[in-house]
1. In the range 28-66, what residues are open to solvent by 30 Å² or more (accessible area, probe 1.4 Å), more than 14 Å from the ligand (Cβ to nearest atom) and either touching a residue at least 24 places away in the same chain (Cβ under 8 Å) or in contact with a strand residue (DSSP E or B) (Cβ under 7 Å, 6 or more places away or on another chain) (or both)?
2. For Glu75, state whether it is over 20 Å from Lys153 (Cα atoms) and not β-branched (Val, Ile, Thr).
3. Out of (1) open to solvent by less than 40 Å² (accessible area, probe 1.4 Å); (2) free of Cβ contacts under 8 Å to residues at least 40 places away in the same chain; (3) over 15 Å from the mean Cα position of the chain (by Cα), the odd one out for Asn94 is which?
4. Of all residues in the range 178-187, which are small (Gly, Ala, Ser) and in contact (Cβ under 8 Å) with a residue 40 or more places away in the chain?
5. Please enumerate the residues belonging to the range 11-27 that are open to solvent by 10 Å² or more (accessible area, probe 1.4 Å) and within 16 Å of the ligand (Cβ to nearest atom).
6. Whether any residue in the range 154-165 is away from the ligand (no atom under 16 Å from the Cβ) and on the phi > 0 side of the Ramachandran plot is what I want to check.
7. Among the numbered criteria (1) away from the ligand (no atom under 15 Å from the Cβ); (2) in contact with a helix residue (DSSP H, G or I) (Cβ under 7 Å, 6 or more places away or on another chain), which one does Thr84 miss?
8. Looking at (1) among the acidic types (Asp, Glu); (2) open to solvent by less than 10 Å² (accessible area, probe 1.4 Å); (3) touching a strand residue (DSSP E or B) at 6+ places or on another chain (Cβ under 7 Å), which one does Asp268 not meet, given that it meets all the others?
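The values are calculated or read from the model by the stated rules, or taken from the named source; none is laboratory data. Keep in mind that this is a model prediction, so the values were computed, not measured. With ideal geometry, Cβ positions are generated from the backbone for all residues, glycine too; neighbour counts draw on all protein chains shown. Note: accessible area is taken over every heavy atom of the protein model, side chains too, but ligands, DNA and RNA are not part of it. Shrake-Rupley method; radii C 1.70, N 1.55, O 1.52, S 1.80 Å.
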Amino acid sequence: MSDAGTSAPEFITLDEAAAMTAGTRVTFIPGIPAMYAEALKNICHVKGVPLVRALHPMMGVDKATGEDRQARLYELTSQTSIPTMFHDEERPRNVWIEQLALAERIGAPGTPKLIPDDFEQRVEVFGLCAVVLGEDGLVWNMRIMADSPLAQKYGYSEAASAAAPGKVAEALKVIDRRLAAQQQNGSPYLVGDAVTAADVYWATMSMSVLPPSAEIMPLTQQNKGMMKYFAMNGQHPIIAEALTERIGEHQRYILTTYCETPAVLGGDPL
Ligand SMILES: N[C@@H](CCC(=O)N[C@@H](CS)C(=O)NCC(=O)O)C(=O)O
């Protein structure tokens, strides 16, 4: 059921994914690089883990039945965020740090260790990942820069929203300082001298302030508005100032070297 390399991937239903007893199933929204789902897809790609794509139910109420569209997802996972990840008959994983640990465990032999063996390096990898993906990190703050149903879910208030660009910029400065220091040591990676989860997660999440070219992230009917919104995030003066060439180069290098490009999204390509 792997669809690597094809431009029209197959998506099964959430119920089908939950009923399967073998393989790795992850939820996606066709045509949309939902940031955490896109990042997990890239992590699994680096680890040589073939994915079966399942449809993530959208927020809101079904117009015909009046039912919450995410009721079944909640029943299965006790939460509703995208992506959820099923593997064999194990419990579903809904949070990036558990999804990463699972991908590392089930990864193919000979693929890069995204969680380094060295514990000092782990401090750096998980620290950077938390700044990017954790609560009150870069993505969380990017999401509350403007009001929306999603922003409301993640702590939107006028005060939090006003503080968000500064926090996004602060995270960008942490990343850029680290890339600069690594460059001095001759490494193109965020930690040590090999690719880690920090590189793959950051290169993916950085799209939310720095959309890459269509050769890397193709435009679809479904994502064109999102890509414009991401570009606008990057134009906020405080954020634009913190977005260095170096950050763009690292993004391009990691995405084109380690991830599947052009990204395979499904949906309706433009
Ligand atoms: N569960 C993820 C976060 C993923 C996430 O926040 N997804 C957002 C969209 S970017 C979402 O699906 N929100 C809807 C919801 O929580 O119901 C994690 O912390 O690892």
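1. Pro30, His45, Gly48, Pro50
2. Numbers: over 20 Å from Lys153 (Cα atoms): no; not β-branched (Val, Ile, Thr): yes.
No: the conditions fail for Glu75.
3. The one condition Asn94 does not meet is (3).
4. So the first thing to find is which residues in the range 178-187 are small (Gly, Ala, Ser), and the list is 180-181, 186-187.
If the condition is that a residue be small (Gly, Ala, Ser) and in contact (Cβ under 8 Å) with a residue 40 or more places away in the chain, then Ala180 is the only one that fits.
5. Residue satisfying the conditions is Leu14 alone.
6. Step one: list which residues in the range 154-165 are away from the ligand (no atom under 16 Å from the Cβ), which gives 157-159, 161-163, 165.
Next, only the ones that are on the phi > 0 side of the Ramachandran plot stay: none.
No, because not a single residue in the range 154-165 is away from the ligand (no atom under 16 Å from the Cβ) and on the phi > 0 side of the Ramachandran plot.
7. Unmet for Thr84, out of (1) away from the ligand (no atom under 15 Å from the Cβ); (2) in contact with a helix residue (DSSP H, G or I) (Cβ under 7 Å, 6 or more places away or on another chain): (1).
8. Against the list (1) among the acidic types (Asp, Glu); (2) open to solvent by less than 10 Å² (accessible area, probe 1.4 Å); (3) touching a strand residue (DSSP E or B) at 6+ places or on another chain (Cβ under 7 Å), Asp268 comes up short only on (2).
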